[in-house]
Amino acid sequence: MKLKKHSIFQLTHFLFLISYFLFFVSCSKHGHNKNIFHYNESSGIATLDPAFAKSQSVMWIDHQLFNTLVETDDNLNIVPSIAKSWDISDDNLTFTFHLRNDVFFHDNPAFANGKGRLMTAKDVEYSFKRITDKSVASSGAWIFNDRVDSAEGFKAIDDTTFQLKLLKPFNPILGILSMQYCSVVPQEVVEKYGKDFRSHPCGTGPFQFIAWEEGQALILTKNKNYFEKDSTGNSLPYLDGIKVTFYDSKATEFLEFQQKRLDFINDIDASFKDEVLTKKGELRKEWEGKIVLQKHPYLNIEYLGILFDSTNDLLKNSPLKNKKIRQAINYGIDRKRMMLYVRNSIGIAAESGFVPAGLPSFDSVKVTGYHYNQAKALQILKEAGYPNGEGLPQIKLLTIPQYADLGSYIANELQQIGIKVQVEAIQKSLLLEQTSKSQALFFRGSWIADYPDAENYLSVFYSKNPAPPNYTRYKNAAFDALYEKALGEKNDSLRNQFYQDADRYVINDAPVVPLWYDMVIHLVHPYVRGFTANGLNLLELRRVKLDK
């Protein structure tokens with residue numbers, strides 16, 4: 001048995017090396033194929049199975065391998081993909097999708113003669129049922145929980161018609177269907193490989209799997225049967241393939257980028273952001289012309305959470321149960337100065353609501369947040385019975401080591417108005433545990449959009465939601481009513497108005513201190529063409545060209 005395992009390993013490794021050689025037989029002065037896109041994944045990739053696409057690294061690679069019924073464009077609009085159109089019933093419960101008839105799965109030994117077969121509505125039905133199958137234990141099962149009819153929820157009407165039935169109106173369902181969890185997979189391949197489908201993926205995407213040496217490299221090749229074409233009729237994608245490396249050191253990653261062995265890097269590590277960027281978030285002169293800096297609003301908000309549940313014993317003797325104290329904290333932080341000195345202007349000071357810039361419902365005029373106003377903060381503290389913070393007990397702020405400098409900035413700002421803050425940096429897993437169990441009074445948090453709809457952010461405050469996502473245990477009947485009203489509203493303008501009204505309740509009650517709306521930061525070489533950023537920071541490579 002040992003010999004058999006060893007032989008399989010040798011064969012797999014040999015095939016990997018052969019594939020590697022074929023991909024890189026055409027070499028440039030940098031030692032790689034000129035039309036292969038190279039990027040690094042410092043956090044590694046846990047799986048290639050979209051049923052477990054819960055991290056950005058998995059979402060990025062799955063977006064190359066698979067397609068969904070619908071997808072988001074660069075402006076976060078829901079647009080067709082596998083589904084060319086769809087109808088919604090009058091009661092807003094039944095969604096009927098009309099599918100393309102020219103979408104094929106990648107070649108795979110599980111298919112007849114190893115050739116990829118035509119994708120049909122049955123594949124969509126299977127893929128969605130697989131997400132909800134308890135034996136699969138998909139991390140994406142929550143997307144359909146209490147939303148989709150368990151008996152008639154997913155149904156292939158014919159080869160090109162798929163129907164989805166909801167239990168109650170939930171307009172953001174189209175956004176959910178654009179998530180990588182909802183990628184369409186072929187049953188034969190999943191059943192052939194079982195749990196090993198994680199390392200033997202097969203989809204309909206623009207690129208198909210070649211080899212993955214975990215921790216070393218992952219290689220995809222162009223899908224020559226891909227169904228999409230550009231505006232002039234040329235087949236997509238333009239690239240011949242993708243190579244992913246796994247350097248865990250951000251310093252090594254940056255060095256590889258400088259040597260042009262990586263075509264772009266995502267985000268700028270704190271250790272060298274001052275070397276590359278000015279305090280205003282622009283490229284330093286020595287980098288101008290050598291690299292391109294891409295910045296784009298990112299659907300992520302960084303904030304401080306405050307436990308709101310008055311029945312919790314932790315709040316009995318805490319000043320944080322007083323709304324005026326929470327509001328004073330909000331007024332007492334100079335967010336714009338924080339962005340300049342702590343963040344090198346990466347992001348936008350959060351002076352509106354909890355819903356971040358980049359979403360259609362965002363409106364800084366209609367939802368006015370907290371602007372730095374020390375006099376106002378002191379006035380509110382006085383009204384709360386703590387003039388200049390006198391008699392106010394020390395408050396502990398929980399954060400993680402990565403944001404220790406941010407915690408120090410917050411503590412210093414609040415010290416100026418007499419609010420004493422002790423910053424405690426703990427491991428991320430412990431912070432998540434404490435916030436999930438309502439054991440953290442004051443904590444640093446962030447919320448990244450799962451799909452491009454404000455509902456995703458406002459669900460953080462819906463009283464019927466557990467923690468997560470409602471880590472503050474916020475409860476307000478008026479907010480809940482607006483949130484529920486928005487879910488069934490078809491009219492975008494009206495729904496956005498409900499979202500804004502709900503957001504204003506959150507800002508007034510102040511269970512959170514919004515800090516900044518995040519920003520996608522890419523460093524890209526000038527020879528990379530057609531590479532664009534988007535609000536979900538999804539890696540889009542279909543229209544990328546390399547002019548080397």
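The values are calculated or read from the model by the stated rules, or taken from the named source; none is laboratory data. In this text the structure is predicted, and so the values were computed from the model without any measurement. Cβ coordinates were reconstructed from backbone atoms using ideal geometry, including for glycine residues, and neighbour counts include every protein chain displayed.
Quick grid of which residues meet (1) under 25 Å from the mean Cα position of the chain (by Cα); (2) acidic (Asp, Glu):
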{"residue": "Lys279", "(1), (2)": "no, no"}
{"residue": "His296", "(1), (2)": "yes, no"}
{"residue": "Tyr331", "(1), (2)": "no, no"}
{"residue": "Asp334", "(1), (2)": "no, yes"}
{"residue": "Pro356", "(1), (2)": "yes, no"}
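All but one of (1) in the same structural domain as Leu236 (by TED's automatic domain parsing); (2) at pLDDT 95 or above; (3) out of contact with any Leu (no Cβ under 9 Å at 6 or more places or on another chain) hold for Asn476, so report the exception by its number.
Looking at each condition in turn, Asn476 falls short on (1).
Any idea how many residues of the range 329-352 are closer than 26 Å to Leu392 by Cβ, out of contact with any Gly (no Cβ under 7 Å at 6 or more places or on another chain), assigned to a loop (DSSP other than H, G, I, E, B) and of a type outside the set (Val, Ile, Thr)?
Residues flagged as closer than 26 Å to Leu392 by Cβ, out of contact with any Gly (no Cβ under 7 Å at 6 or more places or on another chain), assigned to a loop (DSSP other than H, G, I, E, B) and of a type outside the set (Val, Ile, Thr) within the range 329-352 amount to 2.
Regarding Ser463, is this residue surrounded by fewer than 19 Cβ atoms within 10 Å (Cβ to Cβ), of a type in the set (Ser, Thr, Tyr), at pLDDT 95 or above and closer than 27 Å to Ala375 by Cα?
Against the criterion (surrounded by fewer than 19 Cβ atoms within 10 Å (Cβ to Cβ), of a type in the set (Ser, Thr, Tyr), at pLDDT 95 or above and closer than 27 Å to Ala375 by Cα), Ser463 does not qualify.
Give the number of residues within the range 105-117 that are part of a loop (DSSP other than H, G, I, E, B) and either touching a residue at least 40 places away in the same chain (Cβ under 8 Å) or of a type in the set (S, T, N, Q) (or both).
9
Select from the range 505-541 the residues that are surrounded by fewer than 17 Cβ atoms within 10 Å (Cβ to Cβ) and within 22 Å of Gln327 (Cβ to Cβ) and list them in ascending order.
Hit for the range 505-541 is Asn508, nothing else.
Regarding Ser183, is this residue free of Cβ contacts under 8 Å to residues at least 12 places away in the same chain, in the same structural domain as Arg100 (by TED's automatic domain parsing) and either more than 30 Å from Asp91 (Cα to Cα) or in contact with a Pro (Cβ under 8 Å, 6 or more places away or on another chain) (or both)?
Taking the combined requirement at face value, the residue does not satisfy it.
With the checklist (1) in a loop (DSSP other than H, G, I, E, B); (2) in contact with a Phe, Trp or Tyr (Cβ under 8 Å, 6 or more places away or on another chain); (3) over 29 Å from Asn266 (Cβ atoms) in hand, flag the one item Lys366 doesn't pass.
Result: Lys366 passes all but (2).
Among the candidates Ile329, Ile325, Ile333, single out the residue that is under 28 Å from Phe498 (Cβ atoms), at pLDDT 95 or above and crowded, with 20+ Cβ neighbours inside 10 Å.
That would be Ile329, the only listed residue that is under 28 Å from Phe498 (Cβ atoms), at pLDDT 95 or above and crowded, with 20+ Cβ neighbours inside 10 Å.
When you scan the range 66-96, how many residues do you find that are assigned to a strand (DSSP E or B), of a type outside the set (S, T, N, Q) and under 25 Å from Pro237 (Cα atoms)?
Summing the residues that are assigned to a strand (DSSP E or B), of a type outside the set (S, T, N, Q) and under 25 Å from Pro237 (Cα atoms) in the range 66-96 gives 7.
Take the conditions touching a residue at least 12 places away in the same chain (Cβ under 8 Å) and assigned by TED's automatic domain parsing to the domain that holds Phe144 and apply them to Asp196. Does it pass?
Judged against the criteria, Asp196 is not a match.
For the range 156-166, check the following and say yes or no: at least one residue is loosely packed, with under 14 Cβ neighbours inside 10 Å, within 16 Å of Arg100 (Cβ to Cβ) and in contact with a strand residue (DSSP E or B) (Cβ under 7 Å, 6 or more places away or on another chain).
Yes, that holds for at least one residue.
Test Asp102 against the criterion of being part of a loop (DSSP other than H, G, I, E, B) and touching a Gly at 6+ places or on another chain (Cβ under 6 Å), and give yes or no.
The answer is no for Asp102.
When you check Thr204 against the structure, is it within 18 Å of Arg100 (Cα to Cα) and buried (at least 18 other Cβ atoms within 10 Å of the Cβ), yes or no?
Yes: the conditions hold for Thr204.
Filter the range 388-402 down to residues that are surrounded by fewer than 21 Cβ atoms within 10 Å (Cβ to Cβ) and in a helix (DSSP H, G or I) and give me whichever is modelled with the lowest pLDDT.
Result: Gln402.
What are the residues in the range 370-387 that are surrounded by fewer than 20 Cβ atoms within 10 Å (Cβ to Cβ) and in a loop (DSSP other than H, G, I, E, B), if any?
His371, Tyr372, Asn373, Ala384, Gly385
With respect to Thr72, determine if the residue is of a type in the set (Val, Ile, Thr) and closer than 30 Å to Ala217 by Cα.
So Thr72 fits the description; yes.
Tell me which residues, restricted to the range 276-287, are outside any loop (DSSP other than H, G, I, E, B) and either touching a helix residue (DSSP H, G or I) at 6+ places or on another chain (Cβ under 6 Å) or closer than 19 Å to Gln259 by Cβ (or both).
Within the range 276-287, Val276, Leu283, Glu286, Trp287 meet the criteria.
If I filter the range 409-426 for residues that are loosely packed, with under 14 Cβ neighbours inside 10 Å, in contact with a Phe, Trp or Tyr (Cβ under 9 Å, 6 or more places away or on another chain) and outside any loop (DSSP other than H, G, I, E, B), do I get at least one hit?
No, the range 409-426 contains no residue that is loosely packed, with under 14 Cβ neighbours inside 10 Å, in contact with a Phe, Trp or Tyr (Cβ under 9 Å, 6 or more places away or on another chain) and outside any loop (DSSP other than H, G, I, E, B).
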